[in-house]
């Protein structure tokens, strides 16, 4: 029955069937993360990095109502140029399918489609979480519930720094989602290597992490793992400057009544404007870094 809804690229399908390493990649960054042609160039470069490190890339999206695990270059180009590409989270998937529409997948929906395809490692920029002021708005990303229930290792640069990171960690702890620092004891905060919050565990190599993943799922502990991989030092933004930019962006969003799924793209766009574009460059390089670590993790996981 699943074949009616999902289409796995032949290269990805062959790799999964033969226990070869595969890395899932989201598509929101293509359709909603940056302008054309930079979005397409970045997506193709991420796929190239995954290949260079020994794994098969599987960029995930919804095209013409079909869930796609692995895209062609033409399909990536289509998403990059598209004017009517929905931002697709868990709740949106059935309706995008029914309308035979197009959707760029968030962390949550990428996890769902990757899991359906049998992929266990996913590289993204940063996860969503509990938004600032959530004690009044209850604005909590669907990413967190997906991490609680779906068996994927999500390699990211921590939680997006526009969020309430402390509450995000509390939510993950409540749902039993381990937050693991890759060569760090402190949770990175997307643009910076610092957040002021510790991770649950720290690992120095992907072999140890792969073994922990296998043990978790072998004994029936469902749910994902957050692999927090800090942005490379040379691309890190100044901690105080980026936090001031975010504070200003949050105030403006509140004044304009922007909330829900519209808040993250608005805040990221405002931070980019305030930092004169430096945040976009940092974003691109942290995604590259995550793709490299995810590929190495997928290679080690496939050996177990």
Some residue of segment 88-102 being touching a helix residue (DSSP H, G or I) at 6+ places or on another chain (Cβ under 6 Å) and at positive phi: no
Residue 293 vs. criteria assigned by TED's automatic domain parsing to the domain that holds residue 180, crowded, with 17+ Cβ neighbours inside 10 Å, at pLDDT below 85 and closer than 28 Å to residue 89 by Cα: no
Options 61, 55, 69; residue that is modelled with pLDDT of 95 or more and closer than 30 Å to residue 270 by Cα: 61
Leading residue by the ranking (surrounded by the fewest Cβ atoms within 10 Å (Cβ to Cβ)) among those in segment 146-164 that are modelled with pLDDT of 95 or more and over 21 Å from residue 218 (Cα atoms): 156
Out of 89, 27, sole residue that is under 29 Å from residue 267 (Cα atoms), at pLDDT 95 or above and in contact with a strand residue (DSSP E or B) (Cβ under 6 Å, 6 or more places away or on another chain): 27
Number of positions in segment 165-196 that are out of contact with any strand residue (DSSP E or B) (no Cβ under 7 Å at 6 or more places or on another chain) and crowded, with 16+ Cβ neighbours inside 10 Å: 3
Residue list for segment 79-105, restricted to those being over 13 Å from residue 28 (Cα atoms) and in a helix (DSSP H, G or I): 90, 91, 92, 93, 94, 95, 96, 97, 98
Filter pass, residue 107 being in contact with a strand residue (DSSP E or B) (Cβ under 8 Å, 6 or more places away or on another chain), surrounded by 22 or more Cβ atoms within 10 Å (Cβ to Cβ), under 18 Å from residue 264 (Cα atoms) and not assigned by TED's automatic domain parsing to the domain that holds residue 257: yes
Residues satisfying the stated conditions in segment 199-256, i.e. part of a loop (DSSP other than H, G, I, E, B), without any contact (Cβ under 8 Å) to a residue 40 or more places away in the chain and surrounded by 15 or more Cβ atoms within 10 Å (Cβ to Cβ): 199, 200
Count of residues meeting criterion [within 23 Å of residue 10 (Cα to Cα) and assigned to a helix (DSSP H, G or I)] in segment 113-155: 5
Residue identified as more than 24 Å from residue 296 (Cα to Cα) and outside the structural domain of residue 42 (by TED's automatic domain parsing) among 186, 170: 170
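The values are calculated or read from the model by the stated rules, or taken from the named source; none is laboratory data. The structure presented is a predicted model; accordingly, all values stated were derived computationally and were not measured. In this analysis, Cβ positions are derived from the backbone assuming ideal geometry, glycine residues included, and neighbour counts consider all displayed protein chains.
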